[in-house]
Amino acid sequence: MPFSAEALRDGQTRFRLWAPSAHSVELVIDGENGAHAISMPAQPNGWRELVTTAAPGTRYRYRIDGKLDVPDAASRYNPDDVHGASVVVDPAAYDWPDDAWRGRPWAQAVIYELHVGTFSPDGTFEGVERKLDYLVDLGVTAIELMPLAEFPGRRNWGYDGALLYAPDSSYGSPEDLKRLIAAAHARGLMMFLDVVYNHFGPEGNYLNAYAQQFFTERHKTAWGAAINYDGRASRAVRDFFIHNALYWLEEYHFDGLRFDAVHAIVDESDPHVLVELARRVREGPGRHRQVHLVLENDQNQARYLTYDGDSPRAYNAQWNDDQHHLLHVLLTGEQDGYYADYADEPAKRLGRTFAEGYAYQGDPSRFRGGAPRGEPSATLPPQAFVNFLQNHDQIGNRALGERIVALAPRERLRAATAAWLLAPAVPMLFMGEEFAAATPFLFFCDFGPELAELVTNGRRREFSRFAQFAGASENLIPDPNDRDTFEASKLDWNSVEHREHAVWLELYRTLLALRREHIVPRLAGMAGHSGRYRAFGDAALVVTWKMGDGSTLELRLNLSDETTRADTPPKGALIHSEPPYAGDAFHAGELPANAAAVYLQRA
């Protein structure tokens, strides 16, 4: 890795920093007799490099222009938060026990997204490790951790990371994270990590003090000046993020990455940084084991998701927000904000997401002022999409962090759950969803006083246009910086034993077992144009897929209170119906109210 501190032999460490806009750089090492500074010689292209005595565990900073001490932007460990000293880490010191692990095929993925700080009572890597057997029993095959990069304070969603190479110290040490990953691999679980390459957090990022070329005013983002992926001196910037991806995959043995909001990455060069990054991963760790790359991309760009047979050329899949939004509209009736794009012909649009991936494939978006959104996606296989009913955004971006179970009728929600878990696309659960967790997932952070006030007031202004929060009642919106907001978001594991939650848990276990038995073995070989759909009114539909083994999978779904009829009766054997007693009505050609059924006709 060209960045950060590299532990060498005999107690020596190579320190390397890209500081093209600094006049001078000194390495400041904390020793038994206090800190001492050593000048770092200049190297070509803005680099500073020094090899000196510093054993693993040594704390260090960089002094910029003789006055500002900063942590290493590529620090492997920052135990005293984003403003503190970095620590020299020897990555070879951890003895990995997973040498035989080569990952699992993407088609087997059932993803479980979780936030380390709120998933367990102690909010640590060790707390996640204690729940691995539970997740295996549930039927999960992959865990996706929300971002871990060192963020300011002790509480954060993770999207305000400032030191992108350092696992946040509030969750544990680098060794604790490695032990979690090794333990997951021992149980056959893949480990994915959410990474953020579109911006840095608002506190703790010192790059502007010594590497102003890291950012550019040529492009603007929601967070201000864009990261410089395509201007002068952008090579080092691109390498910073490409090596970050390789670092998590190689040094930590992660099996895949989810890339946050890549539509906010502005790069007008060729190849686009996303293309170069995927190529480096496929030619690097991807040569030796299964590595999976997933995008969040509001632009619905199918170009990144093409396949050669069952192998992705660049990225495996994209989070399918279109399907979530359509299910949410049909389940709750909400049509505010971006949900307005899904209020007309929701059954037809939902059928399109099941059969073809995107609902918006170049269609005009009312929410975006009529601008076209998306690219044709029917040529992509179903595994190019990750579908879900809940995720951190769709819960936490609500003012009160309500989960879908608090917003939708129970029977309708169970039918929707059966439909998306037994469809061919890769499913993703959000932590606690499987037992209908009653705890919210709120927006929380832990900034310094001045920034904290801005965030709190901004959050309340954001929702003030909604009638229920107008005027003084806007104070009902939880303060993101209040520790109680964070504590309220922690899962209540004791509730799993209560009957209502246990019933939901049994449904998820049953559906994931059926998926493992009937769906997963037939996914290999599925290509584009494998799905067909028909809508019946605004809330009922029939979708069929030609599976990889030549069999036909059929979904029948009605998310309304009125029974309707399909144009033909179902074919094949019933795999599951929700509710269970609705099978006879479906067989007679009806689409019962608030019900779903899945059939399989073997080749």
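The values are calculated or read from the model by the stated rules, or taken from the named source; none is laboratory data. Owing to the predicted nature of the structure, the values given are computational and were not obtained by experimental measurement. Note that we place each Cβ from the backbone using ideal geometry, even for glycine, and neighbour counts take in every protein chain shown.
Tell me yes or no: at least one residue of the range 79-91 is outside any loop (DSSP other than H, G, I, E, B) and either among the hydrophobic types (A, V, I, L, M, F, W, C) or modelled with pLDDT of 95 or more (or both). Looking through the range 79-91, at least one residue is outside any loop (DSSP other than H, G, I, E, B) and either among the hydrophobic types (A, V, I, L, M, F, W, C) or modelled with pLDDT of 95 or more (or both). A residue that is part of a loop (DSSP other than H, G, I, E, B), under 28 Å from A384 (Cα atoms) and touching a residue at least 60 places away in the same chain (Cβ under 8 Å) can be found somewhere in the range 434-446. Is it the case that P372 is surrounded by fewer than 24 Cβ atoms within 10 Å (Cβ to Cβ), free of Cβ contacts under 8 Å to residues at least 24 places away in the same chain and not hydrophobic (A, V, I, L, M, F, W, C)? For P372, the condition - surrounded by fewer than 24 Cβ atoms within 10 Å (Cβ to Cβ), free of Cβ contacts under 8 Å to residues at least 24 places away in the same chain and not hydrophobic (A, V, I, L, M, F, W, C) - is met. Quick one: in the range 81-112, of everything that is among the charged types (D, E, K, R) and touching a helix residue (DSSP H, G or I) at 6+ places or on another chain (Cβ under 9 Å), which residue is surrounded by the most Cβ atoms within 10 Å (Cβ to Cβ)? The qualifying residue surrounded by the most Cβ atoms within 10 Å (Cβ to Cβ) is D81.
Of the residues making up the range 92-118, just one is touching a strand residue (DSSP E or B) at 6+ places or on another chain (Cβ under 8 Å), part of a helix (DSSP H, G or I) and not aliphatic (A, V, I, L, M), namely W106.
Residues in the range 526-551 that are part of a strand (DSSP E or B) and surrounded by 18 or more Cβ atoms within 10 Å (Cβ to Cβ): G531, Y533, A535, F536, A540, L541, V542, V543, T544, W545, K546. For the range 121-137, the count of residues that are within 13 Å of D194 (Cβ to Cβ) and buried (at least 24 other Cβ atoms within 10 Å of the Cβ) is zero. Determine whether T417 is surrounded by 19 or more Cβ atoms within 10 Å (Cβ to Cβ) and among the polar types (S, T, N, Q). Yes, satisfied. When the range 286-335 is filtered for residues that are over 19 Å from M191 (Cα atoms), among the polar types (S, T, N, Q) and in a strand (DSSP E or B), only S311 remains.
Take the conditions part of a loop (DSSP other than H, G, I, E, B) and basic (K, R) and apply them to R232. Does it pass? In short, yes.
If you filter the range 242-282 down to residues that are within 20 Å of A317 (Cβ to Cβ) and acidic (D, E), you find that the one that is surrounded by the most Cβ atoms within 10 Å (Cβ to Cβ) is D255. You will find that of A378, A278, the residue that is touching a strand residue (DSSP E or B) at 6+ places or on another chain (Cβ under 9 Å) and outside any helix (DSSP H, G or I) is A378 and no other.
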